[in-house]
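The values are calculated or read from the model by the stated rules, or taken from the named source; none is laboratory data. Nothing here was measured: the structure is a model prediction, and the numbers come from that model. Note that each Cβ is placed from the backbone with ideal geometry, even for glycine, and that neighbours are counted across all protein chains shown. When the accessible area is computed, the model is the full protein with side chains, heavy atoms only, and any ligands, DNA or RNA have been set aside. Shrake-Rupley method; radii C 1.70, N 1.55, O 1.52, S 1.80 Å.
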Amino acid sequence: MRPYAMRRRITRVLEGAIVSNMFFEPSTRTRVSFGSAFNLLGGQVRETTEVKSSALAKGESLYDTARVLSGYSDVIVMRHPEPGSVAEFAQASRVPVINGGDGPNEHPSQALLDLYTMRQEMAGRGRGLDDLRIALIGDLKYGRAVHSLCKLLGLYKNVTLHFVSPPELDIPPDIAAELKAKGHRIESFHELEQGIHDVDILYVTRTQEERFPSQQEADKYRGLFRLNQSVYTQHCEPNTVIMHPLPRDSRSEAQELADDLNQNPNLAIFRQTDNGVLVRMALFALVLDVVEQVDDHAKPVTWFTAKRREAL
Amino acid sequence: MRPYAMRRRITRVLEGAIVSNMFFEPSTRTRVSFGSAFNLLGGQVRETTEVKSSALAKGESLYDTARVLSGYSDVIVMRHPEPGSVAEFAQASRVPVINGGDGPNEHPSQALLDLYTMRQEMAGRGRGLDDLRIALIGDLKYGRAVHSLCKLLGLYKNVTLHFVSPPELDIPPDIAAELKAKGHRIESFHELEQGIHDVDILYVTRTQEERFPSQQEADKYRGLFRLNQSVYTQHCEPNTVIMHPLPRDSRSEAQELADDLNQNPNLAIFRQTDNGVLVRMALFALVLDVVEQVDDHAKPVTWFTAKRREAL
Amino acid sequence: MRPYAMRRRITRVLEGAIVSNMFFEPSTRTRVSFGSAFNLLGGQVRETTEVKSSALAKGESLYDTARVLSGYSDVIVMRHPEPGSVAEFAQASRVPVINGGDGPNEHPSQALLDLYTMRQEMAGRGRGLDDLRIALIGDLKYGRAVHSLCKLLGLYKNVTLHFVSPPELDIPPDIAAELKAKGHRIESFHELEQGIHDVDILYVTRTQEERFPSQQEADKYRGLFRLNQSVYTQHCEPNTVIMHPLPRDSRSEAQELADDLNQNPNLAIFRQTDNGVLVRMALFALVLDVVEQVDDHAKPVTWFTAKRREAL
């Protein structure tokens, strides 16, 4: 996907195809990234960005919205505040549905781009993802990107995971249990400095303030864990990769990743977002069955073979 | 339009053309459907979805907005809460304007897709639309889709219309009078069970709660008429078509079309929305003068000949 | 650009390219105009229209948003309520950023289309912009379009500027000083009738009510200067051009440009907005290095050579 993303090559493989970006929660990064990915493959984007300007506001069920929207598009990307809502929607849809985040539950495309970034970063260090040592830091309870990422990391061998969070924002026990059952090493920490020793990657997250029962409750955790260049230098191994699903909180009392890390070459956060386009392009190609074929004149052509429109 | 909508064929006939989707009221279905239709013909969509994020919020007149927007696009689709606003806008526009719904007044593209669906459904039963028997059910006062549909049905011969609504939400008298004057048979019912006998099609609508003077006023009518499979089996002729302009209300106390109808093969509501894309594609082709021409090499080519840009 | 804008010719020079329209303040005209311009050159538009539906609402810095967004697009158009915010954003971006208006500060693309329109209108009168006489009328303090326009007018020779405003809404002193330093003639007026004598162009603006400390403060200035056909006939030279950056206020108590001017052929306000598309197309071509090249078969082809994607 890289030559197309960098526009060294141009493809129209998805010409005539339409993605419906259905975002029932605020999003810039995920929404624009999916949209750009689809455009780069030659497709068009139709977007709905607020629940209040939508049929759901008139009492429509997810079932109906899914039945309808899947007649307007070849694939749907959906973000929704309710855990499980995207799966429910996908069940009713006649076209593939990609989860763009369902409340505190999952954010699988983020996990895929995180994993791809980890592979790239570790490859640059002559390593793979087996035997990886990673610290996951911050709000591990509500951080859906972390939840999805843990499922993917569990597929590799002998991973060491440091869960670094306030006790109340621990990783959900079922996720930890699943990792343990697969034989990975898990350790919990409640102090930043203790958790960031001896790992290859720091995966830092913000407090998901919008998921808390109240703002006061959320305020208690603001700024508890703050990584800056001096903490990094003092406690981390050289060349420890720094990742973050973004957005990071820039308010001075909150910064979980300080600005002085911006010059640190191990800060991979913008390589992560750049990779998001590549990974989402690949995801679209996958769910729409983009294939290479040989045309009449024996030249290979790419096309997509998704069967949606047959439902009409 | 069907092969293009199903993407068995791809067209760029509207390449270089732009539609402005101007939606000053919430809409998913109509807005996305128009947008997808334009994309499927090869054109681009520019969208404005909220009055508050628009120039109208700064006190601009419809006249000025129309003069300006018609310099940015080849055709405009507009939804607006004020009856008559779209006609006023169209008067000032230099390009064709399609009414996407003007308050309780009209919703003509919905009526066209409804009519097309009725033709398809009746054709499947070996019938045309002359001598059609149809029950229009629900909020007939504020339901603009019904208003526009009645105008179209009036063009056929010998139509029987059952208006089934609470007395306060009757069809506007001028619409009924016009149908009578053309010799169609009209009957009014205030009970669902009585109105759905002996018809070919049930056209069910939701209560247009957002049009009522107050929510309390609207609440009075919620859930008054509720069609479900058992009512259908007991009172309707076999194979009576069930239609609805959507969204249908999914709240348990309101459902005008119960979920247990989803498996009924006569439920045509999603065929309706699918057809919306076809009909809106045709509508764009019509207003933009898409024609078949013969090019230099004697192959037929399609092009559109709308003259908008000359206004520049 | 005109043949492409009028769709007499079609170009795909920006095929595969994406513009991010980032509008953190309400806009129809500027936003749609930029979007249409990009579409007319063959490119795709990704749009973010409200700060509250964006990452900035989660406390993200402009720096981060810029770093991220510039990995998703080839060029960014940004409007933001904070003066200087667009420049700060541009500093962090890896792709060109076009200022779509930064609070009361600047609105450079508006100034370019205004200048282009002035050139066209004066050319129609056999004149250039040297020795131009222009009255700038209304809220000159908060009117960013005026601020940017003055900078451009200052580049010509021997311009006469009438600043016509309530004393409290005078042009910022540094802008006046700069014009004076360049040898232009400046006069201030606090009465409309006195300021519109002996000029070639009237550039009328609305009160920027959203910039005032309070609505009451803004209300004081509503409707102070009102140009209508009778005032125009009585006080202006024949064929004085009337311009306005729009939107103009249509509320009866506010109209700075009365409706009865709509038939006046010197009212250039919609030629201005039409020209906005041309100028913004040119702007995109400029910042994306669109060039003519000769391909293998010795035919000239246009392409764009912007280097963004290399940053990936």
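A few remarks follow.
- Stokes-Einstein translational diffusion, segment B:106-265 - Kirkwood Rh over all Cα pairs, 1.002 mPa s, 20 °C, in µm²/s: 136
- The largest-to-smallest principal axis extents of the Cα set in the protein assembly as shown are 88, 86, 66 Å.
- Ratio of Rg to Rh over segment C:167-237 (Cα coordinates, Kirkwood Rh, two decimals): 1.00
- Over the protein assembly as shown, dividing the summed -39,500 (n - 2.57) contributions of all DSSP H runs of at least 4 residues by the number of residues returns a 222 nm mean residue ellipticity of -9500 deg cm²/dmol.
- For C:GLU168 and C:ARG8, the difference between the fully extended length at 0.36 nm per residue and the C-alpha to C-alpha distance is 52.8 nm.
- For the chain pair A and C, buried accessible area totals roughly 3300 Å², probe 1.4 Å, rounded to the nearest 100.
- Shown is the FRET efficiency for A:GLU178 and B:LEU286, computed with R0 = 45 Å from the Cβ-Cβ distance and rounded to the nearest 0.05: 0.20.
- Extension gain for C:ARG251-C:ARG211 works out to 12.5 nm (0.36 nm per residue, less the C-alpha to C-alpha distance).
- Taking A:GLY101, A:GLY16, A:GLY154 in turn, the Gaussian network model of chain A (Cα-Cα springs below 10 Å) assigns the largest fluctuation to A:GLY16.
- When the Cα convex hull of segment A:1-140 is projected onto planes of every orientation, the mean area is 10.4 nm².
- Pairs exceeding a 30 Å alpha-carbon distance, out of A:LYS157/A:LYS220; B:LYS141/B:LYS182; A:LYS141/A:LYS182: A:LYS157/A:LYS220.
- Between B:GLY124, B:GLY138, B:GLY103, the residue with the greatest mean-square fluctuation in the GNM of chain B (Cα pairs under 10 Å linked by springs) is B:GLY124.
- Positive-end residue, the protein assembly as shown charge dipole about Cα centroid, Cβ charges, pick of A:LEU179, B:LEU283, C:VAL164: B:LEU283
- At an R0 of 35 angstrom, the distance between the Cβ atoms of A:LYS151 and A:HIS197 translates into a FRET efficiency of 0.90.
- Nearest 10 degrees, 0 to 90: helix A:269-287 Cα axis against chain A principal axis: 30
- Distance cut-off 22 Å, percentage of C-alpha pairs in segment C:172-303 lying past it: 57
- Distant-in-sequence amide contacts of C:ILE242, defined by a placed amide H-H separation under 5 Å and a gap of 5 or more residues or a different chain, comprise C:LEU202, C:LEU267, C:ALA268.
- Where labels lie 7 Å past Cα in the beta-carbon direction, separation of A:GLN263 and C:ARG185 in nm: 5.5
- Placing unit charges on the Cβ atoms only, positive for Lys and Arg and negative for Asp and Glu, gives segment C:161-271 a dipole magnitude near 260 debye about its Cα centre.
- For q = 0.13, 0.25 Å⁻¹, Debye-computed log10 I/I(0) when each Cα of segment A:47-130 counts as one equal scatterer: -0.51, -1.22
- Calculated accessible area for segment B:106-265 comes out at 43 Å² per residue, all protein chains present (probe 1.4 Å; ligands, DNA, RNA ignored).
- Taking max minus min of the alpha-carbon positions on each principal axis, chain B gives extents of 62, 51, 39 Å, largest first.
- Virtual spin-label span in nm between C:GLU15 and C:GLN120, 7 Å along Cα→Cβ: 2.9
- Dipole magnitude of chain C, debye to nearest 20 (Cβ charges: Lys/Arg +1, Asp/Glu -1, about Cα centre): 1000
- Taking all pairs of distinct alpha-carbon atoms in segment A:67-190, Kirkwood radius in angstrom: 15.7
- The charge dipole of the protein assembly as shown, taken about the Cα centre with unit charges on the Cβ atoms of Lys, Arg (+1) and Asp, Glu (-1), comes to about 2700 debye, rounded to the nearest 20.
- With a cut-off of 14 Å on the backbone N, the residues of segment C:120-139 near the modelled label site 7 Å out from C:ASN158 along Cα-Cβ are C:128-133.
- Segment B:220-275: C-alpha gyration tensor shape, a/c 1.5 cut-off, then a/b vs b/c: oblate
- Chain B: antiparallel DSSP beta bridges as a percent of all, rounded to 5: 15
- Loop trypsin sites (Lys or Arg not before Pro), segment B:122-164 (other Cβ atoms within 10 Å of the site Cβ: 13 or fewer; DSSP): B:ARG125, B:LYS157
- For segment C:124-177, the convex hull spanned by the alpha carbon atoms encloses 85 Å³ per residue.
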